[in-house]
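I have placed the structure first, in the form of structure tokens, so that the comments after it can refer back to it.
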Amino acid sequence: MIPGMTTVLRPAFMLAVVVGFAAPDGGGMQLGATAAAQGMRERTRLHREGEAATVAETQAAEITLTVAPIGKQLLQTWVRTAGVIDEARKTLTSCVAGAAGALVRAGQRVRAFPPDSKSSIYQARVTSVAARGDCVAIEATLSGPAYSDATRYVMEIIVDRGQFLAVANAAIIERDGKQIVYEQIHPGHYEPHEILTGLKGETYTEVLGGIAEGDEIITIGSFFIDADYRLKMTPGNGMDAHQHH
């Protein structure tokens, strides 16, 4: 389960955010596109000249610092709803309201578990989708019988949205209404960048600007790097911008 998920059990409910975006048609000279990309990176580079967060190798190991290059990732939206199991304990039914209902298709994977036993996860597939009033009625067939006595289940319908240039959600720092990631310039030296984002998936978020494919980004441990950086940027803290104790 993803931290921050709110689960409310009713005969039918869903939790999902649908984000739409339109990409302009390609065109223009390659040189102009390169210059524009460089200009975006410069505008979203947050550090003052010569200042960045620095971490020693031993400190990086202590805080489990992980760095990975930006690349294309499969983005997934998990539509969460409450389902009821049939007497044969093989089929789950639910009704998904709102825009999320339009994302559900037959054949999509489903994770299901009783509300009081998240460790008892059953695998299933959506086998039926039908519009019904203000919601979409769905049926999902379990890969095997459910042995739990529960009659209601949390259903997580996994919707593949496609491949996008994306960054791990764990890498993003929310600060003053901005979304920040830290790029590794070289080992132990990191610089913050504000990024522009699009579709947000369960584990990855689409990147529209601010960083480029191949950039080395901190994916685990960015919180500690951000705290170090902000401490150094605080006037009168007694720390030299290039010194880390």
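The values are calculated or read from the model by the stated rules, or taken from the named source; none is laboratory data. Keep in mind it's a predicted model, so treat the numbers as computed, not measured. Here the Cβ positions follow ideal geometry from the backbone for every residue, glycine too, while neighbour counts run over all protein chains shown.
Per the listing 182, 204, 147, the residue uniquely modelled with pLDDT of 95 or more and among the aromatic types (Phe, Trp, Tyr) is 204. Under the condition of being closer than 11 Å to residue 145 by Cα and either outside any strand (DSSP E or B) or not assigned by TED's automatic domain parsing to the domain that holds residue 111 (or both), the residues counted in the range 83-99 number 5.
When the residues of the range 161-187 are filtered to those that are under 15 Å from residue 222 (Cα atoms) and not in a strand (DSSP E or B), the one that is nearest to the chain's Cα centre (by Cα) is 169.
Residues in the range 188-210 that are surrounded by fewer than 19 Cβ atoms within 10 Å (Cβ to Cβ), assigned to a loop (DSSP other than H, G, I, E, B) and either on the phi < 0 side of the Ramachandran plot or out of contact with any helix residue (DSSP H, G or I) (no Cβ under 7 Å at 6 or more places or on another chain) (or both): 202, 203.
Within the span defined as the range 163-175, every residue fails to be closer than 19 Å to residue 69 by Cβ and in contact with a His (Cβ under 6 Å, 6 or more places away or on another chain). For the condition modelled with pLDDT of 90 or more and either part of a helix (DSSP H, G or I) or surrounded by 15 or more Cβ atoms within 10 Å (Cβ to Cβ) (or both), residue 214 does not qualify. With respect to residue 90, is the statement that it is among the charged types (D, E, K, R), within 21 Å of residue 202 (Cβ to Cβ) and either modelled with pLDDT of 95 or more or over 19 Å from the mean Cα position of the chain (by Cα) (or both) true? No. If you take the residues in the range 61-83 that are surrounded by 15 or more Cβ atoms within 10 Å (Cβ to Cβ) and either without any contact (Cβ under 8 Å) to a residue 24 or more places away in the chain or over 30 Å from residue 220 (Cβ atoms) (or both), which one is farthest from the chain's Cα centre (by Cα)? The qualifying residue farthest from the chain's Cα centre (by Cα) is 83. Residues of the range 150-171 include at least one that is in contact with an Asp or Glu (Cβ under 8 Å, 6 or more places away or on another chain), closer than 19 Å to residue 205 by Cβ and among the small types (Gly, Ala, Ser).
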